[in-house]
Structures are given as C-alpha cells and as structure tokens.
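Student: The structure follows.
Readers should treat all values here as calculations from the given coordinates under stated rules, not as data from a laboratory. The shown structure was predicted, so the numbers you read here are calculated from the model rather than taken from an experiment. As a convention, Cβ positions derive from the backbone with ideal geometry for all residues, glycine included, and neighbour counts pool all protein chains shown.
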Amino acid sequence: MVNTRLLIIPLLFLQLTIQIKGQNSEHNSDEKWKQRMGELNAIVYENIDSVYNLAIDHLDECPFSTVKRKAYYHNFMAEVYYYKQELEHSLRSYQSSLANFKEVGDSTHLAVLYNNIGLLQYLQANFDSALVAYNHSLELEKKANNKEGIAMSYQNLGIIYGKWQRYDQVYEYYGNALAIYEELEDYSSIAAVTNNLAVISVRINDLEAGFRYYKRAYEAYRNLGQKDGMASVSANLGRLFGLQGQNSRADDYFNEALKIFKDLDDHIGLVHTYSMMGEMHLNNDHVDLALNAYEKAAEYNEKVGLREVRSDNLEELYQAYKALGKYKQANDVLEKSYALKDSIYDQQQLDKVIELEKKYHNEKSQKELLLITAKAERNRMYMWGVSVLFILLSVIALIWLNVLKIKERQRRLNMEQKVLRTQMNPHFIFNSLSALQCIILENNQEDAVDFVADFSVLMRLILQYAKEERITLKKEKEILDKYMSLQNRRFDNKINYKIEFEDAIELSSVMVPPMLTQPFLENAIEHGELNKEDSYIHVHLQRRDDKLVFSIEDNGIGIKRAMEKNKVKGKKHTSIAMGLTKERLDLMNNNDKKKSVTFVVEDLSKYGGKGTRVIFRVPYTTLN
C-alpha cells in the first residue's frame, strides 16, 4: 500500500491581500473591500465561528453585483468547510465560486480556485479531475507570470503523476518547482518539496535517500516553526522505520505526529498516521493493535472522507480478520471495500463525462458566436463576398460530415471489439462456479472465502480493463496471474504456469491489447488435457524491432490430436479462442492499417515434441 501510506504535502492557495495603489475614491473603496475580504479568508482557520460572523457582515456591504457577491461568498465558505475538514462541501463551494467569477468575467481568481479544486479532487482520489484542474491553474499562472503560482502548480502536478508511478514526470515537475522556490527564497515550500521527494524515494525503495530528504524537511519545518509540516514528516519517518523493522523508533515518530495532529485538530493527518500504524502492526503480526489503529483511522475518516485511504484500510482489515479466523467480519469488510472501489471508479467516470460536456458546450458557444459574426459581416459585403462565404461554408460542412463519418466508424469498431471481449467470460465463469461448488461441498470454508475473493478481483479486473483499447503489461500480467491461479485450483495445482519477460521490457510503460493471451490459456486448459504432474503452460515476451512477441506454449496433447479426438467422438470443434482472437485482430487491423497484429499456431509434434505453441506479434507501444 505504498501509494497512500505516505503524507504528501500539496499546496492550498489562500486569498492574497490586495495592495492598494493611488486611484479614485470609488475604485479605492472597492479595493479596500476586496482587501478586507482577503484578510478574512486568510485568518478563517484561527477561529472559524468568529471570522464567519465578520465575513457575513462584510459581504452585506459588498459593492459589486449579486453574482460577484455570491462568488466571494462561495469562495469564503469553501475555506470554512476545508478547515472544518468537510471536503465534499468545500469542493462544491469552490466550483460554485468558479462559475460565478466566470459569469461576471473576473479572471483574477480563477488560477487560485482551480488549484484548490485540484487539491480537493486529489484528497478524494479523483486524480483525473485533479490533473485537469491543476493544468488549468498552471496555464493561468503562466499567463499572469506569477512565479509562486507556477511553482505551486508544478508541485501539485508532480504529486498526481506520483500517484500513477510516472516518476520521470514527478522529478521533472518537482525540479521545476524547487528551482522557482529557491529563486524566491520560499523556505516553507522548499521544505514541502523536499518531503515529497523523500516520499518518492521511499516508493522506489531508495530508503537511504528517503531518510536524508525527510531529515532535511523536518529541520526546515522546525526552523520555520511549522508544526503541521513537522507532524507530516514525523508520520512519514515512522513508516520508514517501520518498513526497516525498527519498531521502537517508528513508535516514537508516530506518537510525535499524533500529538501534534491532535493539538491542531487535523483529522486528515490523524487518518494517515493511524493508517500507517495499522500497516506496521499488521506486518509484524500484531493483529489486535492493527485493528485498533484502523478503527481509529476510520473514526476520523468519517468526517473528512479520504476514500482511497479508506479503501486501502479495508483491504488490510480483511487480511487481519481472516488471520484471526473471523470470516464473517472478513466478508463484510470485503463487501465494503468493493463498494467503495466502485464509487471511486464511478466518480472518476462521472467527472470525465462532466468535463467533456463542459468542453462541448464551450465549443458550441464559440461556434454560435462565430455564426452571428459571420452573418453581420455578410450583410456588409458585396455579392461576390456572399458567394465566397457560401463556398467556404460548403467546404467546412463537407469536411465536418466526413469527420462525423470517421468518428462513427471508429465508434462502431470499438464497440464491436468490446462486445467480442465480453464473450470470453461465460465459459470460465461456469467452470469457476463448478470448482467453488466442489470446495463448498468439501466444507472447506477458508478456501471458499479465498476463492470467492480472488474470483471477485478477477471479474473486476476483466470488467474494468475490457473497456480499454490498451493496458500496461503490468495490468495484463495481473489478470493472467489471477486467472491461472483460479484455473489451477481445479487441477490441484498440477499445471506449472509461469510468465517471463526480457529485462529491457518495462511492465509499467509498455501497452498491449487487453486479454489477447487469456483465450489461449483457456484453450490449453480445456482441450490440452494438462492433467499430469509435469504439465506446464509458459508465456514468454520479447521485443523484436518494433514488435512485441508473445509466445504461449504448453505440453498437452497438441492441437492436431485434440482435433482428431473430437472427430472420432463425432464432435465438430471450432476453437472459440482462435475465432475470437481472429475477429479481434481483424478489428485492430481495421483501426490501424499501418500497425498490423498477427499470430500463428503450431503443433509441436512437427518439431519432435508435444503440445501447442501460439505466437503473437503486436506493435511495441509505450505510454509515451
């Protein structure tokens, strides 16, 4: 659970105090009002109730329009909710403020609002939406040449890419941010970036570098007198020593972090710290202590709603309850974990749809404005101008219709491919349920729980990634490993399965069509008669020029004998795996004529051996 067990320090903008220059008295009064509003935003954390009353009185004297007054009100309430750690309410208020400022054409606040929206989306595990918001903030800060804002946006973008383990981008963005902070002599922000560099070092298992960065960050925060930063680094140091088995030192740092976070009433910090403690106790087989820590984390998380941390904690609670033999509690926790993961995934998809709708309406408004302008211009033109415009519009219409046809054809091909993928599931589901039935009849409760858990994970992976055109090799391997683990239980683990890669292949960056290999594994199991102790299925991947070559080999009876046996029995067998794969490959070739995807099937008897070998050659594609 490396990804969420460390306290990353993102940056939250506060309203900046506005400097007043020599202006006329009316304009000067407006600026004084905005300056006072900024001051109230900046001190809201000190005493929320008192500052709230002052802000409401000040908003009653707002010299601007009703819509702009609402913008300032929502912005203030967003910060109130944030410091109350009611994150969902804070996010909605920032979004309302953003919409109001856009409506009145005031762009001076947009970069700050996008940054804060990105932070709240990040805290709620909506990383795609956070990335969009941070990019908007960066673009606006660059236009304004605001170096502090640019550095903050770089740092927050680095945090998002860290969640996706895109470490090249992480170091690039952190490096850009650090250079600007050093130029500005912003020591607090330098400490935050140093802490985050330590987090990345721990993630890539460079614990020594992580310790050095943490110590530098801790000293910087102590010199600045920033207790919240000291607490975050202490919690991270506690986890670092826990990973190294130095439990006494880990407890010292955890307790220091807990004391500071409790003094500050920082529920987010407490959730992360208790979660790290639970992880350490569970790794040391102190199950009761782990359960207590996770329950404390859940108690504080009820209010702040850190969904990704909650999801990780539920997974580990499942392991803890299972270790204690409390299978009912384990099953209840597992159901909650799946429900939470579904909600995170659904929210991410909803955010994507909303973003697309915004882009669509924006483009639609721009097109309508263009048409109105063109019409006004046409009325002032001579007849030859009208003719030119008519020809131009006709050409645009033809191009647009052609684009629509291409998009429709692409959509149809993608849809057909997704339908083909779903056809792979029923055969395997039937066999898996039959195997589960046997386990239940044997009254093997623990194996049944494990089987259902693994089966649920596999189904989730298949449903999630079947929608994608390509996934990483790391995800593809995860699906194949889980699939073969379940299948092997039907044969008392007699099948020796392994998957090998060339050293040069990066599993987390190479992209492949999902589940292209799985049907042939199923074909080998169902028709290869792999029922002997030395039965095996080996998958090997290697790069050849611009192709990635898959080789799937088994030592069953071979495809030729399988077909002969079916013929003797009077069965006319057509391999479902081969048929589906051929159709998928045809669709892929329709999508991209320049990057063909091919495969061959060989019976090893022609080489003096036995079994079947399937070879795929697909384009070598990476994330970049």
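Student: Whole-Hz Karplus ³J(HN,Hα) for the range 539-545, in order, using 6.51 cos²θ - 1.76 cosθ + 1.60 and θ = phi - 60°, x for Gly and Pro?
Tutor: Along the range 539-545, the couplings run 10, 10, 10, 8, 9, 10, 6 Hz.
Student: Suppose R0 equals 22 Å. What FRET efficiency, 1/(1 + (r/R0)^6) with r the Cβ-Cβ distance, do residue 405 and residue 467 give to the nearest 0.05? Provide the component values of the computation, followed by the final result.
Tutor: Numbers: r = 24 Å, r/R0 = 1.08.
E(calc), rounded to 0.05, equals 0.40.
Student: Starting with the highest mean, order 38-44, 130-136, 95-101 by the number of other Cβ atoms within 10 Å, averaged over the residues of each peptide.
Tutor: Result, highest mean Cβ count within 10 Å first: 130-136, 95-101, 38-44.
Student: When the Karplus curve 6.51 cos²θ - 1.76 cosθ + 1.60 is applied with θ = phi - 60°, which whole-Hz ³J(HN,Hα) does each residue of the range 498-513 get, with x for Gly and Pro?
Tutor: Each residue of the range 498-513 in turn: 8, 10, 10, 10, 5, 4, 6, 7, 8, 4, 7, 10, 6, 10, 9, x Hz.
Student: Can you order the peptides 545-551, 451-457 by their average number of other Cβ atoms within 10 Å per residue, highest first?
Tutor: Per-residue Cβ counts within 10 Å, averaged per peptide and sorted highest first, yield 451-457, 545-551.
Student: In the structure shown, do any of 303/467; 532/560; 84/215; 482/565; 474/498 have a Cα-Cα gap over 22 Å, and if so which?
Tutor: 303/467; 84/215; 482/565
Student: Another question, then. Could you sort the peptides 312-320, 489-497 by per-residue average Cβ neighbour count (10 Å cutoff), highest mean leading? Let's see the in-between values first.
Tutor: Numbers: 312-320: 21.2, 489-497: 15.7.
The most tightly packed comes first, giving 312-320, 489-497.
Student: Give me, ordered by chain and number, the residues 5 or more places off residue 536 or on other chains with an amide H under 5 Å from its own placed amide H.
Tutor: Excluding prolines and chain starts, which carry no amide H, the hits are 496, 555.
Student: Right, something else. Rounded, prolate or oblate: pick one for the range 27-99, where a ≥ b ≥ c are the square roots of the eigenvalues of its C-alpha gyration tensor, a/c under 1.5 means rounded, and failing that, prolate if a/b is larger than b/c, else oblate.
Tutor: Since a/c reaches 1.5 but b/c is at least a/b, the shape of the range 27-99 is classed as oblate.
Student: Between the range 453-467 and the range 74-131, how far is it from one alpha carbon centroid to the other, in angstrom?
Tutor: 34 Å
Student: Taking H as built 1.01 Å from N, whose amide H comes closer than 5 Å to the amide H of residue 305, not counting residues under 5 places away?
Tutor: none
Student: Magnitude of the Cβ-charge dipole of the range 230-281, K/R +1 and D/E -1, about the Cα centre, nearest 20 debye?
Tutor: 120 debye
Student: Then there is this: Considering amide H positions built from the backbone, and no H for Pro or chain starts, which residues 5 or more places from residue 547, or on another chain, come under 5 Å of its amide H?
Tutor: Under 5 Å from the amide H of residue 547: 620.
Student: Rounded to the nearest 0.05, what FRET efficiency do residue 187 and residue 622 give with R0 = 41 Å and r taken as the Cβ-Cβ distance? Could you check?
Tutor: 0.60
Student: Which FRET efficiency value, to the nearest 0.05, do you get for residue 393 and residue 32 by plugging their Cβ-Cβ distance into 1/(1 + (r/R0)^6) with R0 = 56 Å?
Tutor: 0.60
Student: With labels modelled as points extended 7 Å from the Cα through the Cβ direction, what inter-label distance (nm, one decimal) is found for residue 457 paired with residue 252?
Tutor: For the pair residue 457/residue 252, the computed spacing is 3.7 nm.
Student: Next question. So what are the ³J(HN,Hα) numbers for the range 447-459, from phi and the Karplus equation (6.51, -1.76, 1.60; θ = phi - 60°), rounded to whole Hz, Gly and Pro as x?
Tutor: Per residue, the Karplus-derived 3J(HN,Hα) values read 5, 5, 4, 4, 5, 5, 4, 5, 5, 5, 4, 5, 4 Hz.
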